[in-house]
1. Starting from a Cα-only point model with no solvent, please compute log10 I(q)/I(0) by Debye for segment 5-51 at q = 0.20, 0.28, 0.30, 0.31 1/Å.
2. Measure nothing fancy, just the Cα-based angle from helix 27-51's long axis to the longest principal axis of the chain, in degrees from 0 to 90, nearest 10.
3. Quick check on the chain: helices-only [θ] at 222 nm, where DSSP H runs of length 4 and up contribute -39,500 (n - 2.57) each and the sum goes over total residues. Nearest 500, please.
4. Report the relative contact order of the chain, percent, no decimals, based on alpha-carbon pairs under 8 angstrom and at least 6 residues apart.
5. With springs only between Cα atoms under 10 Å apart, run a GNM on the chain and tell me which of 26, 41, 15 wobbles the most.
6. Taking Cα atoms, how many degrees apart are the long axis of helix 5-23 and the longest axis of the chain, rounded to 10 and kept between 0 and 90?
């Protein structure tokens, strides 16, 4: 469960990028979006681990 504003914002960004991926048929665009999603997911995990 995400309680802090920064985590909510990151999670919201991830959801928006996933939605954009579903709506495009361009491979290069989905690849770029996936890289951004992975980076945001990694960041979110690091924040959650620091908060313990």
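1. -0.63, -0.96, -1.04, -1.08
2. 0
3. Details: 2 runs with 44 residues, N = 52.
Calculated from helices alone, the mean residue ellipticity at 222 nm is -29500 deg cm²/dmol.
4. Working: 26 pairs, mean separation 21.4, N = 52.
Across the chain, relative contact order equals 41 percent.
5. Comparing 26, 41, 15 in the GNM, the peak value goes to 26.
6. Here the helix axis deviates by roughly 20 degrees.
Laboratory data are not the source of any read-out in this text; all were calculated from the coordinates shown. Bear in mind the structure is a predicted one, so any value in this text is a computation, not a measurement.
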